[in-house]
Amino acid sequence: MLLAGDGHQVIVLERDPEGPPDDPDAAWERWQRPGLNQFRLPHAFLGGFRDIVDTELPEVAQALEAAGALRLNLIRDVVPEQTSGGWRDGDERYEWLTARRPVMEAVTAAAAESAPGVEVRRGTAVAGLITGPAALPGVPHVTGVRTRSGEAIPADLVVDMTGRRSGLPDWLDEIGACPVSEELEDCGFVYYGRQFRSADGSLPPSLGPPQMHWGTVSSLTLSADNGTWAVALVTGSKDKAMRPLRELDRWEAVVRGLPLIAHWLDGTPIDDGLRVLARLEDRYRGFVVDGTPVATGVVPVADSWSCSNPANGRGASIGLLHARMLRDQLRAVGLDDPAAFAAAFHQATAESVEPWYRTTLATDRHRLGEIDAGLSGETYDPPDPWYQLEKALDVAAGLDPDCMRALLDIRLVLRGPDEVFARPGLREKTLRLGAGWRDEPSLGPDREQLLALVSAS
Ligand SMILES: Cc1cc2nc3c(=O)[nH]c(=O)nc-3n(C[C@H](O)[C@H](O)[C@H](O)COP(=O)(O)OP(=O)(O)OC[C@H]3O[C@@H](n4cnc5c(N)ncnc54)[C@H](O)[C@@H]3O)c2cc1C
């Protein structure tokens with residue numbers, strides 16, 4: 001839609017055959033999307049995503065509202081006034097969108113299908129790339145795709161958005177491109193999630209932020225559309241003692257044992273059981289090797305370029321930032337010189353999108369470090385300045401309105417840490433106010449109590 005809005009003719013090739021149902025419950029109950037294994041897992045659509053939808057795709061924002069998606073703003077809806085310092089100009093940017101993923105996706109897909117300049121072909125799997133005369137000596141130039149049924153579809157630019165399991169590196173290999181450089185590891189987390197609905201459309205009150213850490217376990221509580229919400233627990237994948245969380249009664253026992261979120265179980269489940277997702281990968285792909293793009297005429301956007309632990313809820317925001325950046329590079333550089341476009345796209349990705357991936361990865365590595373230390377009864381306190389600053393910010397945000405906004409800017413993918421901590425005096429204030437983070441009392445069960453909850457029969 002962003003590209004079509006600029007006059008490009010866009011053909012979307014989607015492997016899954018079924019189109020979007022037109023009502024939210026049908027999207028949740030019946031829509032089959034085997035291409036997305038996270039389809040029915042809890043999602044939040046943070047400020048970064050909401051901001052682009054509002055400014056660039058207002059028709060999608062309206063359709064989401066009509067489908068029952070909500071807008072939440074911690075400053076307006078949750079944080080007490082003495083902590084937030086009251087409403088300030090600009091606080092509207094902290095709003096984010098809530099909807100079950102199938103509902104968000106059905107609304108967005110329907111908007112795309114009716115957007116002028118966009119043609120969506122479902123049940124069409126891409127199987128490889130086709131090439132033409134090189135734009136750079138020795139570098140393959142992509143001029144379209146080949147589908148699984150053997151059709152060749154020409155294009156001035158192929159945008160790969162086939163998600164975290166994208167076959168692009170293999171397709172590039174098949175056309176003789178240099179290997180894509182890849183950083184790949186198991187993200188190290190396991191998800192156990194379930195979604196609920198109230199009889200009267202009400203939502204559970206939030207007694208804390210959507211993501212909370214309880215020693216070796218984290219919780220996610222996410223409001224969604226039409227009186228629905230999600231509850232998830234996230235553990236380290238090495239934490240064998242927590243694996244009984246796969247059993248619904250063990251999962252419920254642990255959630256009930258977390259005092260600020262136990263009441264989120266008080267609804268009617270809308271899932272058959274628990275949805276468990278493990279073996280998720282952190283993956284970064286570099287498409288420039290020794291200063292030269294591995295191919296021209298093709299670019300990866302969103303998860304096919306890089307993806308990480310989804311507990312931070314940033315994937316859709318980062319993906320949409322990336323898509324908007326693609327639109328902006330097409331505006332600024334155009335496709336007349338494919339080599340110049342490839343260089344500009346990859347450089348803009350590295351400058352404006354990659355920092356979000358790196359920050360998210362750093363936060364995740366430290367969270368895993370905390371979990372691993374918790375398993376062996378040790379204390380995790382690395383001297384990494386980013387870790388120290390993040391921990392201090394968690395505490396300082398509860399004490400100071402500027403620190404609260406700094407935390408939200410970073411968490412909601414609105415402003416990167418470098419920009420936030422360039423604010424005069426903020427870093428010093430954060431470190432001073434948050435200096436006592438090690439002494440913060442735990443509000444929930446300790447490791448021993450968690451083990452008792454998960455293993456009780
Ligand atoms: C458990 C979990 C929870 C998450 N929670 C959040 C959250 O709360 N907030 C958030 O912002 N993000 C979250 N994410 C991340 C988010 O889901 C992704 O970042 C986002 O979906 C990426 O969008 P994408 O378009 O790159 O890929 P996808 O959404 O994965 O879409 C890829 C599409 O490509 C299609 N496809 C694949 N191969 C082919 C092919 N060969 N030919 C044609 N079509 C093909 C697939 O069918 C699919 O429709 C979560 C992820 C997981 C795993």
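Values quoted throughout were computed directly from the atomic coordinates according to the rules given, and no laboratory measurement underlies them. From a predicted model like this one, the values you see are computed outputs, not experimental measurements. Here Cβ is always computed from backbone atoms with ideal geometry, including for glycine, and neighbour counts include all displayed protein chains.
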Quiz item: Sorted from fewest to most neighbouring beta carbons within 10 Å, what does the list Thr235, Thr83 look like?
Solution: Thr83, Thr235
Quiz item: For the range 370-390 and the range 71-94, what is the separation of their C-alpha centers, rounded to whole Å?
Solution: 30
Quiz item: So what's the angle, to the nearest 10 degrees on a 0 to 90 scale, between helix 385-396 and the longest Cα principal axis of the chain?
Solution: 50
Self-check item: Contour excess over end-to-end distance, with Cα ends at Arg146 and Arg256 and 0.36 nm allotted per residue
Solution: 34.5 nm
Quiz item: Counting other C-beta atoms within 10 Å, which of His346, His8 has the fewest, and how do the rest follow?
Solution: His8, His346
Practice problem: Using only Cα atoms, tell me the angle between helix 338-348 and the longest principal axis of the chain; keep it within 0 to 90° and round to the nearest 10. | Solution: 10
Practice problem: Taking amide H positions as placed in the peptide plane 1.01 Å from N, state which residues far from Trp214 in sequence (5 or more) or on other chains have amide H under 5 Å from it. | Solution: Ser219
Quiz item: aspartates and glutamates within cross-link reach of Lys240: Cα-Cα under 12 Å, excluding same-chain residues under 8 positions apart?
Solution: Asp372
Quiz item: Shape of the range 324-455 from its Cα gyration tensor (a ≥ b ≥ c, root eigenvalues): rounded if a/c is under 1.5, otherwise prolate when a/b > b/c, or oblate?
Solution: prolate
Exercise. Could you work out how far helix 354-375 tilts from the main Cα principal axis of the chain, as a 0 to 90 degree angle to the nearest 10?
Key: 40
Quiz prompt | Anisotropy class of the range 116-202 from Cα gyration tensor, a/c 1.5 cut | solution = oblate
Practice problem: Before rounding to the nearest 500, sum -39500 (n - 2.57) across all DSSP H runs of length at least 4 in the chain and divide by the residue total; then give [θ] at 222 nm in deg cm²/dmol. | Solution: -10000 deg cm²/dmol
Exercise. Show which lysines lie in cross-link reach of Lys429 when reach means a straight Cα distance below 29 angstrom and same-chain residues fewer than eight apart are skipped.
Key: Lys391
Quiz item: Cα centroids of the range 252-327 and the range 1-38: how far apart, whole angstrom?
Solution: 18
Quiz item: Going 7 Å from the Cα of Arg165 in the Cα-to-Cβ direction, what parts of the range 302-340 have a backbone nitrogen less than 16 Å from that spot?
Solution: 303-305, 307
Quiz prompt | Fewest-first sequence of Asp418, Asp91, Asp303, Asp290 by Cβ atoms within 10 Å of each Cβ | solution = Asp290, Asp418, Asp91, Asp303
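Tell me, in nm to one decimal, what length is gained between Arg432 and Leu36 on full extension, where the rule is 0.36 nm per residue of separation less the Cα-Cα distance?
Full extension from Arg432 to Leu36 adds 138.1 nm.
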